[in-house]
There are 2 protein chains.
Amino acid sequence: MKVVVCRNLGEDAVGILKAKKELDLVVWPGPDDKAADRRWLLENVEGAVGVIVMLTDKVDDELLDAAGPSLRVVSTMSVGYEHVDLKAVGRRGLKLGYTPDVLTEAVADLCIMLALMASRVNNGVSIVQAGTWRDYSWKPFGFCGPQLSTTSPSQTRTAGFLGFGRIAQATLRRLVPFGITHVLYSGNPGSPPDSERDAALQTQHNLRELRKVDLKELARESDVLFVLAPGGPSTYHVVNEEFLREMKETAVLVNASRGTLVDSEALAEALGRERPRPFGAGLDVVEGEPNVGAEHPLVKEPRCVIVPHVASATFETRTAMATRAAYNLVGALFDEPMPSSVDLSSFQ
Amino acid sequence: MKVVVCRNLGEDAVGILKAKKELDLVVWPGPDDKAADRRWLLENVEGAVGVIVMLTDKVDDELLDAAGPSLRVVSTMSVGYEHVDLKAVGRRGLKLGYTPDVLTEAVADLCIMLALMASRVNNGVSIVQAGTWRDYSWKPFGFCGPQLSTTSPSQTRTAGFLGFGRIAQATLRRLVPFGITHVLYSGNPGSPPDSERDAALQTQHNLRELRKVDLKELARESDVLFVLAPGGPSTYHVVNEEFLREMKETAVLVNASRGTLVDSEALAEALGRERPRPFGAGLDVVEGEPNVGAEHPLVKEPRCVIVPHVASATFETRTAMATRAAYNLVGALFDEPMPSSVDLSSFQ
């Protein structure tokens, strides 16, 4: 039972695969930071029963034909499956595993980091890096930004979520001790608010308010706004010039979902004006990444902090994703449960 | 009643002073980012009843003599008063105001940011800044660091605090939803642990353990370690080679107190070795700051994130410090309560 593995998945995941003696593992022998060579993959996948892929490996008719009728499962070490032709996989009656949920906590951590950096870093890191700390004398309001936390119980803070799924709720949990008092969210306009869940969350976190609002109110009222909705055409540039114009001068914007939700030009323009609005932005994703060079308007903008799509990049979470990918494959091949599989019934 | 103010304190604080019609304000007319010129200060302070100073303004016999017998209060917009000769102030029977407590929440916010950055930034910000994002292909463990939060309820996380005062406790409050299970702290070896408070905190935050330990155990057990103790000779280089050698390879170190507590050479050496220990560091303060140039070993070390002493740098907190300084001065001059004064009875 040949299984092709497109990258070194680390000891834990490889251990799970090796524990099944029936499996004959063929692992991409190239360096970790190179996607499996397409020609290597097409040659080696022939006769395989399963394949473990990454976001970097296109799963299409070409690959599936190369594997042939022996193939029973495709397991991707990723939450997204934009790289997988669902129709091609479903039509062949294959199973498809993916790795949702396990990265919730890591992404929520990063959301808090970016919210803080967007208001507090203010170029401070670059100044120290450049060796010019000594040129900045202390001044009463030097390096200042808006404060994420409240400084007294009489103050309020509104957290906004564009998209209010698992990651947003894990982020909210972390925000509570900072003194967040109000929570607003926007979601799929077609789906009604889940008032039972909302009431439960409001009570659990002792909030004065938690409710679904339209985009305009979300933009206008949020002190810190997290973009955590799926990508795709329906959310394309949802954060645009009009949205940004509504935001507070003291607000910060965080995007840890997909770059396409934020209009980069409009954000750079909003941050670069004399009275910036919002105050700052923290981005894990940028439209067109990784082709985001030093001349990109957001890279040049000092009020914008960018990290290179690292929201799930912790040893614990990537190990959990790799082991989940391994269990998905093993489950499909040995008639054990698959922890996370994509429902392909509509394609079969 | 002349009052000399050494920097522009912002509208709120100036409003408090101006509301007292008896006061004749003399405000340093230079730019905000320059400390009041010493000569200007010595000339203008003559005959003043009060003076509002910053960390940058030395309060010594020279200044107090220049003011003369009219002087009744010195109010500093700072928590520390290393710049004030307490004996000289106390001997003259003057009152001394300062601004503690009001910066607790801002500093705790920064502690969380630095803890996250120390494990998650991994040079990612510089890579994007340099325009080389496109050169880094995705790999399963690329850009990875240890995760601050737990990923399942079966995991544990130990937060360590070197110094366990108000800021440490405000930081702990923020850490709880990240899944912190154990808290260890070290403090003044002479003072016994406050077991009633510790038990209350353990219950409040639902921790499995909260206790005072020696430095060696603190270094050895902490997954994230916050240095939040006062400066001075008794804590000089308390984080030294020996301390760092005990730390976990997955731990991160945060210093938001005073630069002198951490031996910079030892930390750079510990982070720079083949198997770094701890994993990373986030510093708001560095010994010898702001004379920390591009050639400083910690600035050159990619596992070290440094921000230029901005822990209290939020509009809200600096405004609160400035207004507190104004109220301290007004309180002393008009026999109203002084919100925060230094006890100088031992010098009188």
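The values are calculated or read from the model by the stated rules, or taken from the named source; none is laboratory data. Quick caveat, the model's predicted, so the values are computed rather than measured. Positions of Cβ are generated from backbone atoms using ideal geometry, with glycine treated the same way; all protein chains shown enter the neighbour counts. Quick note on the areas: whole protein, heavy atoms, side chains included, nothing else; ligands and nucleic acids left out. Shrake-Rupley method; radii C 1.70, N 1.55, O 1.52, S 1.80 Å.
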Result of the Cβ filter at 8 Å on the range A:17-43, keeping first residues that are more than 14 Å from chain B (Cβ to nearest Cβ) and partners that are open to solvent by 60 Å² or more (accessible area, probe 1.4 Å) and aliphatic (A, V, I, L, M), at least 6 apart or interchain, is A:GLU22/A:MET1; A:LEU23/A:MET1; A:ASP24/A:MET1
### Query
Among the residues of the range A:154-175, is any open to solvent by 50 Å² or more (accessible area, probe 1.4 Å), more than 9 Å from chain B (Cβ to nearest Cβ), out of contact with any helix residue (DSSP H, G or I) (no Cβ under 6 Å at 6 or more places or on another chain) and free of Cβ contacts under 8 Å to residues at least 12 places away in the same chain?
yes
Picked from the range A:289-320 (must be out of contact with any Pro (no Cβ under 8 Å at 6 or more places or on another chain) and assigned to a helix (DSSP H, G or I)), the residue farthest from the other protein chains (Cβ to nearest Cβ) is A:PRO297
Check your understanding: Before we move on, is B:GLY68 within 11 Å of chain A (Cβ to nearest Cβ) and either loosely packed, with under 14 Cβ neighbours inside 10 Å or in contact with a helix residue (DSSP H, G or I) (Cβ under 8 Å, 6 or more places away or on another chain) (or both)?
Key -> no
Quiz item: A:ARG303: surrounded by fewer than 17 Cβ atoms within 10 Å (Cβ to Cβ), over 14 Å from the mean Cα position of the chain (by Cα) and among the charged types (D, E, K, R), yes or no?
Solution: no
Inside the range A:44-80, the number of residues satisfying the requirement of being out of contact with any Gly (no Cβ under 8 Å at 6 or more places or on another chain) and under 19 Å from A:LYS34 (Cα atoms) is 13
Scanning the range B:276-294 residue by residue, those open to solvent by 10 Å² or more (accessible area, probe 1.4 Å) and within 19 Å of B:VAL254 (Cα to Cα) turn out to be B:PRO276, B:ARG277, B:PHE279, B:GLU287, B:GLY288, B:GLU289, B:PRO290
By residue number, the members of the range B:129-149 that are of a type in the set (S, T, N, Q) and more than 7 Å from chain A (Cβ to nearest Cβ) are B:THR132
ask   = Could we say that A:SER264 is within 14 Å of another protein chain (Cβ to nearest Cβ), buried (at least 17 other Cβ atoms within 10 Å of the Cβ) and within 21 Å of the chain's Cα centre (by Cα) here?
value = yes
Item to check | Flag for A:GLU242 being open to solvent by 20 Å² or more (accessible area, probe 1.4 Å) and within 25 Å of B:GLN129 (Cα to Cα) | outcome: no
(request) For A:ASP37, indicate whether it is farther than 24 Å from A:TYR327 by Cβ and in contact with a Lys or Arg (Cβ under 6 Å, 6 or more places away or on another chain). (result) no
Across (1) among the small types (Gly, Ala, Ser); (2) open to solvent by 30 Å² or more (accessible area, probe 1.4 Å); (3) in a helix (DSSP H, G or I), A:ALA270 clears everything bar (2)
Taking the criterion of being closer than 19 Å to A:CYS144 by Cα, among the small types (Gly, Ala, Ser) and touching a residue at least 12 places away in the same chain (Cβ under 8 Å), would at least one residue in the range A:282-295 satisfy it?
yes
Exactly one of A:LEU271, A:LEU218 is without any contact (Cβ under 8 Å) to a residue 60 or more places away in the chain and in contact with a Cys (Cβ under 7 Å, 6 or more places away or on another chain), and that residue is A:LEU271
May I ask you to verify whether B:PRO297 is open to solvent by 30 Å² or more (accessible area, probe 1.4 Å) and at pLDDT below 95? no
Of (1) in the same structural domain as B:ARG157 (by TED's automatic domain parsing); (2) in contact with a helix residue (DSSP H, G or I) (Cβ under 6 Å, 6 or more places away or on another chain), B:HIS296 satisfies every one except (2)
Going through (1) more than 14 Å from every other protein chain (Cβ to nearest Cβ); (2) in contact with a His (Cβ under 6 Å, 6 or more places away or on another chain) one by one, B:ALA229 fails only at (2)
If you go through the range A:88-106 one residue at a time, do you hit one that is among the small types (Gly, Ala, Ser), within 24 Å of the chain's Cα centre (by Cα) and within 11 Å of chain B (Cβ to nearest Cβ)?
yes
Selection over the range B:100-130 where residues are open to solvent by 10 Å² or more (accessible area, probe 1.4 Å) and not aliphatic (A, V, I, L, M) yields a count of 8
With the first residue restricted to the range B:299-326 and required to be on the phi > 0 side of the Ramachandran plot, and the second required to be of a type in the set (Asp, Glu), Cβ contacts under 9 Å at 6 or more apart or on different chains are B:HIS309/B:ASP284; B:HIS309/B:GLU289
Given the conditions (1) open to solvent by less than 40 Å² (accessible area, probe 1.4 Å); (2) touching a helix residue (DSSP H, G or I) at 6+ places or on another chain (Cβ under 9 Å); (3) within 14 Å of chain A (Cβ to nearest Cβ), every one holds for B:SER186 apart from (3)
- [ ] Check whether at least one residue in the range B:109-128 is assigned to a strand (DSSP E or B), more than 7 Å from chain A (Cβ to nearest Cβ) and at pLDDT 95 or above, and report yes or no.
- [x] no
